[in-house]
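Asks: Take a look at this one; I'll ask things after.
Read-outs throughout are calculated quantities, based only on the coordinates presented, and are distinct from any laboratory measurement. This structure is a prediction, so every number in the text was calculated from the model and none was measured. With ideal geometry, Cβ positions are generated from the backbone for all residues, glycine too; neighbour counts draw on all protein chains shown.
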Amino acid sequence: MPVTRRRLAALAALSPLVLPAAARAQEAGTAARPLRIGATAGPHSQVLERVRDIAARDGLVIRVVEFTDYIQPNAALAAGDLDANSYQHQPFLDAAVRDRRLPLVAVGKTLIFPMGVYSRRLKSVQEVPNGARVAIPNDPSNGGRALVLLARAGLFSLKEGADHTATVADITANPKRIRVTELEAAQIPRALEDVDLAAINTNFAVPAGLNPVRDSLAVESGDSPYANLIAVRTQDRDAPWVRRLLAAYQNDEVKRFVETTFQGAAIPAF
């Protein structure tokens with residue numbers, strides 16, 4: 001999986017000494033041992049950089065480590081290369097914990113990034129032609145999330161009760177013979193020229209110049225259950241720095257920054 005130079009530099013700076021959990025919790029957040037928080041590049045990292053500045057006023061030192069995919073931030077957290085990450089919603093974390101047996105837990109909510117459906121060729125979902133090709137994320141939770149959004153837009157029907165666990169096999173009626181292509185979420189904005197439309201996670205849409213409020217043909221409603229969160233290792237859930245991190249993130253200054261910067265593309269969930 002790809003990683004940025006920033007992540008490699010951060011990981012290279014880590015001591016090879018593996019400390020007991022209590023010692024790590026006590027030292028994390030100091031100048032000698034910055035709190036290492038992973039996030040996908042784009043909005044998640046942008047917000048964390050503001051959180052980092054706010055936390056510094058309280059003496060909590062944070063280092064933001066950027067990733068370009070959805071898999072490595074959890075793997076790095078479970079391995080102890082990170083202290084926390086901020087990029088995923090609860091269904092995605094649940095799938096990682098279940099399928100990969102990762103000892104991770106959510107400790108607080110951050111933002112909702114409503115998923116949108118975009119097209120370079122079409123102006124509305126009513127223009128979708130027969131045999132249209134649509135790209136969706138290939139990870140289980142976001143793939144199902146995209147299918148539900150597309151079904152609600154009227155492109156096809158899913159079995160009754162379908163949710164984020166839905167797969168292409170759950171399509172029950174497809175009168176326009178829509179062809180679904182599953183791609184890595186981070187790659188979908190670049191593939192938009194090659195498909196008729198695509199369901200794109202907002203944290204990848206925004207860096208590509210797409211805003212779900214302004215540019216999407218369909219978008220999740222404001223009551224989306226996919227609030228993003230801060231995750232830590234289970235052993236660290238009660239560490240003192242966790243409370244300080246949440247206090248730095250879940251405050252009015254961050255809320256105003258999000259609302260001003262993203263103009264509805266991100267919604268505070270705290």
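Asks: When the residues of the stretch 204-247 are filtered to those that are under 18 Å from the mean Cα position of the chain (by Cα) and among the charged types (D, E, K, R), which remaining residue is surrounded by the most Cβ atoms within 10 Å (Cβ to Cβ)?
Replies: Filtering the stretch 204-247 for residues that are under 18 Å from the mean Cα position of the chain (by Cα) and among the charged types (D, E, K, R), the one surrounded by the most Cβ atoms within 10 Å (Cβ to Cβ) comes out as GLU220.
Asks: Within the stretch 122-155, which residues are touching a residue at least 40 places away in the same chain (Cβ under 8 Å), closer than 14 Å to VAL219 by Cβ and of a type in the set (A, V, I, L, M, F, W, C)?
Replies: VAL125, ALA146, LEU149, LEU150, ALA153
Asks: Of the conditions (1) crowded, with 19+ Cβ neighbours inside 10 Å; (2) of a type in the set (A, V, I, L, M, F, W, C); (3) out of contact with any Lys or Arg (no Cβ under 7 Å at 6 or more places or on another chain), LEU192 fails just one. Which one is it?
Replies: Of everything listed in (1) crowded, with 19+ Cβ neighbours inside 10 Å; (2) of a type in the set (A, V, I, L, M, F, W, C); (3) out of contact with any Lys or Arg (no Cβ under 7 Å at 6 or more places or on another chain), LEU192 misses just condition (3).
Asks: Taking the stretch 26-47 only, how many residues are touching a helix residue (DSSP H, G or I) at 6+ places or on another chain (Cβ under 8 Å) and crowded, with 21+ Cβ neighbours inside 10 Å?
Replies: Going through the stretch 26-47 one residue at a time, the tally reaches 12.
Asks: Check off (1) of a type outside the set (Phe, Trp, Tyr); (2) in contact with a Phe, Trp or Tyr (Cβ under 9 Å, 6 or more places away or on another chain); (3) in contact (Cβ under 8 Å) with a residue 60 or more places away in the chain for ILE171 and give me the number that stays unchecked.
Replies: Condition not satisfied by ILE171: (3).
Matching residues to (1) within 27 Å of ALA266 (Cα to Cα); (2) in a strand (DSSP E or B):
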| residue | (1), (2) |
| --- | --- |
| TYR87 | yes, yes |
| GLY131 | no, no |
| SER141 | yes, no |
| ARG177 | no, no |
